[in-house]
Amino acid sequence: MSERRSRRGSSAAGRRGHTRSRTARAELIFSVSKMERGLWEGHYAQRLSDNAPVYLAAVIQYLTAKILELAAKEADNRGERIITQRLLDMAVHNDGLLSTLFHAITISQVGPGPN
């Protein structure tokens, strides 16, 4: 029993009394609180589950990672070092599932000019 207590105490060392954010608890990068605020401000539903913004943040984080991974592969295949809007568009277009998901989306070609 004392072994169990000592382990519990050592893992929470320095964190006692501190609350972790929902983003940290879900081990996400995208902010759960910002997703929740967007859902509330968008008036998408009268009621909102506590898990809805966590799930939304996880889905958006997954899609972002997947698109960036495909765009990085596309850039590598073309010998480029920078992911551009064109490579993002090509990555989405060349993937069957992402292509159907984003079939009505246009990725803007307008970007910051050269400095």
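Observations on the structure shown:
- Of residues in region 89-115 being modelled with pLDDT under 90 and among the aliphatic types (A, V, I, L, M), the one most open to solvent (accessible area, probe 1.4 Å): VAL110
Here is a yes/no grid of residues against (1) part of a loop (DSSP other than H, G, I, E, B); (2) among the aromatic types (Phe, Trp, Tyr); (3) modelled with pLDDT under 95:
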{"position": "MET35", "(1), (2), (3)": "no, no, no"}
{"position": "HIS43", "(1), (2), (3)": "yes, no, yes"}
{"position": "VAL54", "(1), (2), (3)": "no, no, no"}
{"position": "ILE60", "(1), (2), (3)": "no, no, no"}
{"position": "THR64", "(1), (2), (3)": "no, no, no"}
{"position": "LEU70", "(1), (2), (3)": "no, no, no"}
{"position": "LEU87", "(1), (2), (3)": "no, no, yes"}
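- Top-ranked residue in region 1-33 [being outside any loop (DSSP other than H, G, I, E, B) and open to solvent by 100 Å² or more (accessible area, probe 1.4 Å); ranked as modelled with the highest pLDDT]: ARG25
- Count of residues meeting criterion [open to solvent by 90 Å² or more (accessible area, probe 1.4 Å), in a loop (DSSP other than H, G, I, E, B) and not aliphatic (A, V, I, L, M)] in region 72-82: 1
The values are calculated or read from the model by the stated rules, or taken from the named source; none is laboratory data. Bear in mind that the values here come from a model prediction, so they are computed numbers and not experimental data. Ligands, DNA and RNA are stripped out before the accessible areas are found, and what is left, the full protein with its side chains, is counted by its heavy atoms. Shrake-Rupley method; radii C 1.70, N 1.55, O 1.52, S 1.80 Å.
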